[in-house]
Amino acid sequence: MSGPTSLPLKSASKQSWLLAISLTRWNYALSIIADATVALVMLCWAAVTLQHPRALVPVAVFALLGYTLMEYFWHRFLFHWRHAPRSAREGHGRHHRAPDALLALPFFTAIPHAILVWGLAAAAVGTSLGAFFTGVWFLGYVSYSGLHHLVHAEAVQHPAMQWLRDVHHVHHARPNRNFGVTTPFWDVVFGTWSPPKRG
């Protein structure tokens, strides 16, 4: 069964320490664990403290819209923009050169990201619903990690996965198209959508 492989760390002295961490197998696993842990902790906190259950559906919708918009903008402008930080561009460039390599943001970035998202959400809807918002947001992260892994694992065959794979292959062939991994929604909204060729 073929699947992602880890990239050798060539010229480690010339690459940033963040990129060096991002390219390790252990970071790949820890980043998924960190994102899932943040989602679980926040959702448990919300479940214990929740006072407004009617607000769950709209908060979940806004969290998913917010996460998928962030996924789109990060992919488009942090990983593909020529003025983005070097480590982000180089790391993502390695992914384009070796799509089945294990590569993830450093695992510890989940904590400041969660604090920022929770702080903004808590200011808007209160601490409990803010925790719920953050938990759903990080479920988006976990979904992204899982889907992106499966998209590059050619051995996984399912019609829905094959469609996502075809959509993502368009991005690898044309890096200015199809930035969304979990959804093509924002590509359609911002005019960067290209449907995969049929057959």
- Message: When the residues of the stretch 171-193 are narrowed to those that are among the aliphatic types (A, V, I, L, M) and without any contact (Cβ under 8 Å) to a residue 40 or more places away in the chain, which ends up farthest from residue 74 (Cα to Cα)?
- Response: 173
- Restricting the stretch 46-57 to residues that are of a type outside the set (Gly, Ala, Ser) and under 23 Å from the mean Cα position of the chain (by Cα), which is nearest to residue 116 (Cα to Cα)? 56
- Item | Check on residue 55, at pLDDT 95 or above and either assigned to a loop (DSSP other than H, G, I, E, B) or more than 25 Å from residue 106 (Cβ to Cβ) (or both) | no
- Task: Please list, ordered by first then second residue, the pairs with beta carbon atoms under 7 Å, 6 or more apart or interchain, first in the stretch 77-100 and at negative phi and touching a residue at least 24 places away in the same chain (Cβ under 8 Å), second hydroxyl-bearing (Ser, Thr, Tyr) and not in a helix (DSSP H, G or I).
- Result: 86/16; 87/16; 100/5
- Within the stretch 140-199, residues aromatic (Phe, Trp, Tyr) and surrounded by fewer than 16 Cβ atoms within 10 Å (Cβ to Cβ) come out as 163, 185, 190
- Going by the conditions given, is residue 94 in contact with a Lys or Arg (Cβ under 9 Å, 6 or more places away or on another chain), among the basic types (Lys, Arg) and within 23 Å of residue 182 (Cβ to Cβ)? no
- A careful count of residues in the stretch 160-199 that are hydroxyl-bearing (Ser, Thr, Tyr) and over 17 Å from the mean Cα position of the chain (by Cα) gives 2
- Query: For the stretch 115-159, which residues satisfy the criterion of being at pLDDT below 95, under 19 Å from the mean Cα position of the chain (by Cα) and of a type in the set (A, V, I, L, M)?
  - Reply: 142, 147, 150, 151, 153
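The values are calculated or read from the model by the stated rules, or taken from the named source; none is laboratory data. As the structure is a computational prediction, the values presented were derived from the model and not from experiment. Reconstructed Cβ throughout: ideal geometry from the backbone, glycine too, with neighbour counts over all protein chains shown.
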